[in-house]
Amino acid sequence: MPQVSKYPLDKTLETQMFHEFWSSVSKLRDTNEVSSFFSDLLSDTEEKMLAKRFTIAILILRGKRPVDIANTVHVSYSTIASVASWVKHASPKMRSLLQIIIDQRNWQKILYRVDELRDKLPPAYGTDWEKAGKA
């Protein structure tokens, strides 16, 4: 998990840092540039964490159940809850952007794959496997 210093930054400096960071990101022109930028900036774990959280947000908006999300994306229920809280309190502009992303063809393939994996999950603990296998 990323560590943040317990010593607060000067607010003016912090504001300037964020402005320069987001300004730099906004100048990236295509997917390859954005990917290279974040691959260099973030560790593999941080990249996976961001991608999973974003995917969780999409799945929540698509009405997927937390148990299905947890089993297919391999995250904890607390992670799902924190992302659900973020989605619930997201600005209308962010929710609109997420909806546009959901409607794109690439996400439809991912959502189909999640459904496919969910259908292959083993029966719940305590289930009679012989009967479940026949069903």
Quiz item: Within the bounds of the range 71-92, is there any residue that is open to solvent by 50 Å² or more (accessible area, probe 1.4 Å) and over 16 Å from the mean Cα position of the chain (by Cα)?
Solution: yes
Quiz item: What tally of residues in the range 1-57 results from selecting those that are part of a helix (DSSP H, G or I), without any contact (Cβ under 8 Å) to a residue 40 or more places away in the chain and aliphatic (A, V, I, L, M)?
Solution: 9
Self-check item: the range 1-18, residues that are open to solvent by 100 Å² or more (accessible area, probe 1.4 Å) and over 25 Å from Asp44 (Cα atoms)
Solution: Tyr7, Pro8, Lys11, Gln16
Practice problem: Would you mind stating whether Val25 is closer than 23 Å to Leu111 by Cα, in contact with a helix residue (DSSP H, G or I) (Cβ under 8 Å, 6 or more places away or on another chain), at pLDDT 90 or above and of a type outside the set (D, E, K, R)? | Solution: no
Quiz item: Of the residues that make up the range 98-117, is at least one without any contact (Cβ under 8 Å) to a residue 60 or more places away in the chain, closer than 30 Å to Val4 by Cα and in contact with a Ser or Thr (Cβ under 8 Å, 6 or more places away or on another chain)?
Solution: no
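The values are calculated or read from the model by the stated rules, or taken from the named source; none is laboratory data. Not measured: the values here are computed from a predicted model. Positions of Cβ are backbone-derived with ideal geometry, glycine not excepted, and every protein chain shown enters the neighbour counts. Accessible surface is based on the protein model in full, side chains and every heavy atom, while ligands, DNA and RNA are left aside. Shrake-Rupley method; radii C 1.70, N 1.55, O 1.52, S 1.80 Å.
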